[in-house]
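Below: the structure, in structure tokens.
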Amino acid sequence: MLTATNPEPTSSQMRLLIIEDDRESAEYLAKAFREVGHVAELAGDGEEGLALAQSGDYDVLVVDRMLPKRDGLSVIGALREKGDTTPALILSALGQVDDRIKGLRAGGDDYLPKPYAFAELLARVEVLSRRRGGPSEETSYRVGDLELDRLSHQVRRGATEITLQPREFRLLEYLMKHAGQVVTRTMLLENVWDYHFDPQTNVIDVHISRLRSKIDKGQEHPLLHTIRGAGYMIRDGMR
Amino acid sequence: MTAFGKLIRTTAFRLTLVYLFLFALFAASLLGYFAWNTRRMITEQITETVNGELSELDQQYSRGGIRGLVFAIESRAMRPGANLYLLTTPQGQAVAGNIGSLQPGVMNNIGWANTVYHRLDENDSKNHFALVRVTQLSGGFRLLIGRDLEERQRLFGIVAKAAQWSVAIVLLLGLGGGIFVARRVLHRIDAMTGTTQRIMGGDLSERLPVGRSGDELDRLAGNLNAMLDRIEALMAGLKEVSDNIAHDLKTPLTRLRNRAEEALADAGNETEYRAALERTIEESDGLIRTFNALLMIARAESGQARDNMADFDAATVARDIQELYEPLAEDNGLALEVQTEPAIIHGNRELISQAIANLVENAIKYGKPAEPTEGVKPSVLIEARRDAEGVKLSVTDHGAGIPEADRQRAMERFVRLEASRTLPGSGLGLSLASAVAVLHGGELRLDDAKPGVRATLAMPGRDVEQAGV
């Protein structure tokens with residue numbers, strides 16, 4: 001599951017609670033999160049998980065859907081009922097759209113079917129933790145000399161105006177909203193296109209390369225980076 | 001259970017018993033009502049006759065005195081089928097009439113009475129019953145006039161006999177009919193039970209016997225047979241799928257294992273290990289995709305996705321997919337075009353999008369013409385149309401096409417036509433599209449686009465007005 005190239009930590013340290021009954025997967029996850037610099041704690045069943053989540057201060061909860069003693073969705077439901085809004089990502093062996101909708105309705109913030117790549121999980125958890133922190137909806141984004149105005153739909157790189165198709169604009173908008181964070185192909189497909197299936201071919205890569213040719217072509221410092229084995233990231237290379 | 005025990009436990013037999021009881025009750029009450037009414041009528045008639053005679057004799061008495069009365073009574077008593085008469089002195093001595101003996105005390109009470117009597121001219125000891133009226137005449141004489149009740153009695157006898165017979169006949173016919181029907185039903189049910197037991201024993205090809213009468217049992221048997229057909233088809237599908245899964249998952253799993261083993265044995269440095277591990281991950285991702293596709297097909301085929309249906313415009317789906325795949329098609333030297341008209345459909349947007357995406361991926365993979373025309377970019381066309389038949393979402397390419405003979409087979413799971421073996425793919429794309437079409441009450445059609453393939457999801461649509469769009 002762990003990809004060959006471990007993605008570098010892209011955001012500040014997070015405190016995670018992993019509620020997962022399979023000991024081996026739980027420890028693997030905790031180890032992987034610690035390796036990229038985060039703090040991860042473990043709970044082996046729903047009751048323990050709920051107790052820990054209520055007492056501790058976590059940035060993100062990673063909750064397995066099927067747990068002994070208390071179902072994962074019910075753990076999240078109980079937290080939400082008490083006004084706890086800690087972002088929660090649901091892990092589930094049930095990967096279908098209906099199950100996903102059920103999970104999100106129960107108060108989950110994201111849903112990842114098993115088996116998953118760790119890079120995918122990491123990227124999603126980091127986005128969730130960031131969402132919690134900063135102001136969520138800004139009217140414009142800026143990365144290096146690239147500027148995107150969400151109101152006038154204008155994009156400029158330095159002094160040059162860049163014309164984008166509507167979908168390209170949304171793609172760039174999503175990438176810039178999560179600037180400095182890894183964004184996976186599935187995340188893009190879900191958030192920019194609203195599809196939850198897995199295309200067999202490299203559709204997303206082609207969209208990215210088109211976007212890249214519009215914003216990075218001929219530039220000294222490329223902003224849109226491919227993170228091997230994980231996805232993409234927009235970042236000011238000069239940082 | 002004994003044969004008889006089984007028989008009386010049948011629904012038909014129990015119903016018969018209930019009906020039998022109801023019919024007997026009905027017959028009894030009908031006869032009872034008839035008897036009671038007749039009795040009332042006869043009594044009324046007697047009362048009238050007696051009253052009439054009394055007034056006549058009373059007149060005789062006032063006209064001709066006791067002598068005239070005696071004379072009149074004697075002459076009336078002589079007539080055949082005469083009524084009953086008795087005239088007594090104030091001392092209770094009989095003066096005239098045709099009654100030999102009476103129940104004691106009858107003459108002491110004025111008014112109506114039922115009594116036992118004997119006629120003067122009868123010597124038998126048999127009791128006769130009569131309805132009589134006793135009146136007091138002036139001078140202390142008492143006059144009794146009455147009528148024999150034999151008629152009434154006889155009528156009762158007839159009614160009672162009729163009741164006995166009718167109950168007996170109802171019971172006999174009812175029980176006989178009940179047993180007949182129950183045995184017939186039991187016989188057929190036994191046959192069905194036998195068959196179902198054999199089916200449960202594992203022989204799914206058995207079918208229930210269906211008669212020609214078209215009654216409820218035949219309809220039931222017909223429906224059960226249809227259900228068995230469906231189950232058998234599903235089982236066959238399941239077996240085929242599990243065979244195919246076994247094959248198509250085991251092959252990459254074996255490859256996976258071999259690579260890992262090989263890396264363990266041969267890899268000398270980190271770079272080689274790394275490469276081996278990366279290939280392993282790639283391979284397992286492919287496996288996961290195949291697995292997901294299979295699950296999705298299974299879900300579409302089982303109809304579970306029906307929970308998540310809504311109205312949407314198929315034209316939007318077509319345009320969205322075109323927009324998603326256009327750059328990829330471009331990279332592959334193809335122009336991906338879209339033509340739509342509003343086509344509202346009730347369904348699962350996600351599944352339909354995925355089905356169209358699969359068709360487009362196929363078209364991009366196989367849609368390049370064998371002999372490209374100079375200067376003309378080959379195209380793939382996505383269409384959303386609405387016609388009398390319903391909504392049609394189609395993807396047309398101008399590639400080599402699929403030979404007519406292979407079209408049906410192409411939609412089966414894991415089938416990859418020879419031409420496609422060299423390109424990546426799970427062989428599940430068309431099966432998923434087909435399963436999605438079936439889930440929405442339609443079908444996947446593969447037609448010759450001369451040259452190329454036109455793959456169409458033909459599904460029933462929704463009226464625009466009806467959907468309120």
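Values quoted throughout were computed directly from the atomic coordinates according to the rules given, and no laboratory measurement underlies them. Just so we're clear, the structure is a prediction, and the values are computed from it rather than from any experiment. Because the Cβ atoms are built from the backbone with ideal geometry, glycine has one as well, and the counts that use them run over all protein chains shown.
Per-structure values
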read-out	value
Approximate spin-label separation A:ASP194-B:GLU330, in nm, with each point projected 7 Å along Cα-to-Cβ	2.3
Subset of A:LYS31/A:LYS102; B:LYS126/B:LYS161; B:LYS365/B:LYS450; B:LYS392/B:LYS450; A:LYS102/B:LYS392 violating a 27 Å alpha-carbon distance limit	A:LYS31/A:LYS102; A:LYS102/B:LYS392
Cross-link reach list, lysines versus B:LYS250, counting only Cα pairs under 21 Å and skipping chain neighbours closer than eight places	A:LYS114, B:LYS239
Shape call, segment B:221-352: gyration tensor on alpha carbons, a/c limit 1.5	oblate
Alpha-carbon centroid distance for the pair segment B:19-33 / segment A:54-80, whole angstrom	72
Helical contribution to [θ] at 222 nm, DSSP H n ≥ 4, -39,500 (n - 2.57), averaged over the protein assembly as shown, rounded to 500	-17500 deg cm²/dmol
Choice from A:GLY83, A:GLY56, A:GLY72 showing the highest fluctuation, given a GNM over chain A with Cα pairs closer than 10 Å	A:GLY83
Cβ-derived FRET efficiency at R0 30 Å, B:GLN153 paired with B:SER75, nearest 0.05	0.60
Which of B:LEU30, B:LEU228 has the fewest Cβ neighbours within 10 Å, and the rest in rising order	B:LEU30, B:LEU228
Under the span-like rule (Cα at least 18 Å along the axis, Kyte-Doolittle mean at least -1.0), DSSP H helices of chain B	B:11-78, B:150-200, B:216-266, B:270-302, B:314-331, B:349-366
Segment B:135-166 versus segment B:195-259: alpha-carbon centroid distance in Å	81
When the convex hull of its Cα atoms is projected in every direction, mean area for the protein assembly as shown (nm²)	61.1
Cα gyration tensor category, rounded, prolate or oblate, for segment B:53-105 with a/c compared to 1.5	oblate
Set of aspartates and glutamates with alpha-carbon distance to B:LYS368 below 14 Å, sequence-local pairs under 8 removed	B:GLU330, B:ASP331, B:ASP397
Crossing angle, helix A:23-35 versus chain A [Cα axis fit, 0-90 degrees, rounded to tens]	40
The protein assembly as shown - charge dipole about Cα centre, Lys and Arg +1 at Cβ, Asp and Glu -1, debye rounded to 20	3740
Positive-end residue of B:ASN258, B:ASN269, B:VAL210, charge dipole of the protein assembly as shown with Cβ unit charges	B:VAL210
